[in-house]
Every structure is written in C-alpha cells, then in structure tokens.
C-alpha cells in the first residue's frame, strides 16, 4: 500500500474526517501522521539525502506512543524541525549546485554556438536572447526552463552546422572550378607560347597537349620520336651555329616525308611526329620509317676548307591506344628512349 493511501486511511480509520467531533484523533497520532506526511512530500534533492531524511523522520514518529509525555512531544517536535531545516539546507545547496552547473554548461555552449554562428546575423540575435534568459535564471522554475534553452542551443547548433556545411561545399566547389579554369588557362598559355626558337616548330608543351587531346577523343593513333644521331658531336666540333643549321635542315627533311602528321621539336636532338587517327597504323608506320631512313647532307666551310656533314635519325614509333595507357606513361617512355639511344646506331622501330 502506498504511503499516501496509508496516511489517508490513518485520517479516516475511525469513520470520519479529522475535524469530525465524532471521530477524534489523539494528539500523538496527529503528530505521527504529520511527520510522515512531511517526509513523504519532501522535495527530492538527491536519492540518498531524501532516503536518510525519511528514515530519521520515521524514527521520530515511531518513538512516540500514547504513553509519551508532553516533554517527549516537545523533544520530538524539536528534533523534527531540526531534521527538516537541515534537509532544506541540503536541498538548497544541491539545487544551487545544479543551477550553477547548468548555467556554466549552457554558458559554454552559448559561447561555442556564438563562435560557430558569428557569420549569421539571425542566429546571433537568437543566441543573445537565450543568453539574457540564462543570466536571469535564479530559481527552481528557471532551473526547469534551462532544459528548453539547452534544446534551443542544440537546435541552433544543428541548423548552423547544416548551413556552414552547405556554404563550405559551395565555396569548395567554386574554388575547385576556379583552380581548374586557371590551370587550363595557364596550360593553354604555355602551349600557345611553346615555340622552338630554332626551327619555329611548336615545342614539347604543345606536343604533350596534342597527345592528351587525341587520347581524350578515344581513337588510336601513332606517334614517332626521331632523334638526330650526330648533333652532339656536330655542336662540339663545329659550334652551335652549325648545329642549329643542321637542326633546321633536319626539321625540313622530316616534314617532307611526314604527310598526315604534325611535327614538333620535342627536346634537344629529338622531334616528335603525331599522326592523325584517320591514317591507319600500317601506313603511319611506313611513313615514319621512310622519314627516318633519310640523311641530311650539308656542306660547310671549316678552317678554310669545305666539309660535308651527314646526319641521320634514330627512331621510336609508338602505337597509342587511349584505353591501354596514360599520357604520362607515354612521355616517360619517350624520355627514356631519348636518354638511352646511342649515337651512330641504325633506325629502330619499337
């Protein structure tokens, strides 16, 4: 049976109300019921404190009996008052501690939220209002309302997180787009300015871009790398002026045999021919071999005598299938061949 039901029975066990003249309740019984009611309806400040208070009040009530003297009653009442006063002090301290803890927690939360939402004027105003309400809270009723303020802060955090996430994604996408556009612009500028000063042909940057473009189109094509086999020795013996003349003559010689292909100055003694995909691989290979089989013959005056310079080509052909390789792999392969070929060697087809 619940305590409240027990007290109700105590008050009415003689068949009437407490004020009924026909059912008087002894003073001792009234005091016992009063003590039990105070203990039962005490505000909970903590499970242990409340349990101890109820236990102490029960001891006071149980110590009374019909034989208790007036002196005993006064002692019981005094002890009950002291117990109630002490419990009220404990409860007040607990409530204040909870209040300060929640106030501190929400203040920290509010400061964090304010930092997060500093870019949102509406959110800042809402947060300022909640902070004002928080600072004014000082009672039990306010303590209960702190739950509402906590929920509002968390809701604000969630809303601002979504807003910031959306804004961040938008800014990142815009930044990425700007970087890509800038990269393309810089690459286009490099290709446009990529001209070999000796031959007037487009240089390596333009050749790389041409290969990437053709691979993006998805069609197979042939590229042929031609390396002049005596340029280093010509430069060393007759000077770079003569060497440049030989380079120019070699470019003209290759261009005559490489119909259907665009010729580029790749690097140093190397030229790169990129054939149009419409030319079959067999025909493109044939034209590359014919071009590589030529020799440049140039007569120059050296030390008051005429000298005939003969320069040939070493060659690497590469059938490029976009789905089977990458541009960087192709560039690396060409550079490897260029650095490994030996002078005076015959034309090789790879």
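Structural remarks
- Just one of the numbered conditions (1) under 58 Å from the mean Cα position of the chain (by Cα); (2) at pLDDT 85 or above is not true of residue 309: (1).
- Sole exception among (1) at negative phi; (2) at pLDDT 85 or above; (3) within 43 Å of the chain's Cα centre (by Cα) for residue 201, by number: (3)
- Residue satisfying all of: in segment 300-334; in a helix (DSSP H, G or I) and touching a strand residue (DSSP E or B) at 6+ places or on another chain (Cβ under 8 Å); farthest from residue 232 (Cα to Cα) among these: 330
- Hey, residue 255 in contact with a strand residue (DSSP E or B) (Cβ under 6 Å, 6 or more places away or on another chain) and assigned to a helix (DSSP H, G or I) or not: yes
- Filtering segment 208-230 to residues that are under 17 Å from residue 266 (Cα atoms) and assigned to a loop (DSSP other than H, G, I, E, B) leaves 229, 230.
The values are calculated or read from the model by the stated rules, or taken from the named source; none is laboratory data. Just so you know, these numbers come straight off a predicted model, no measurement behind them. When we count neighbours, we look across all protein chains shown, and the Cβ atoms used for this are built from the backbone with ideal geometry, even at glycine.
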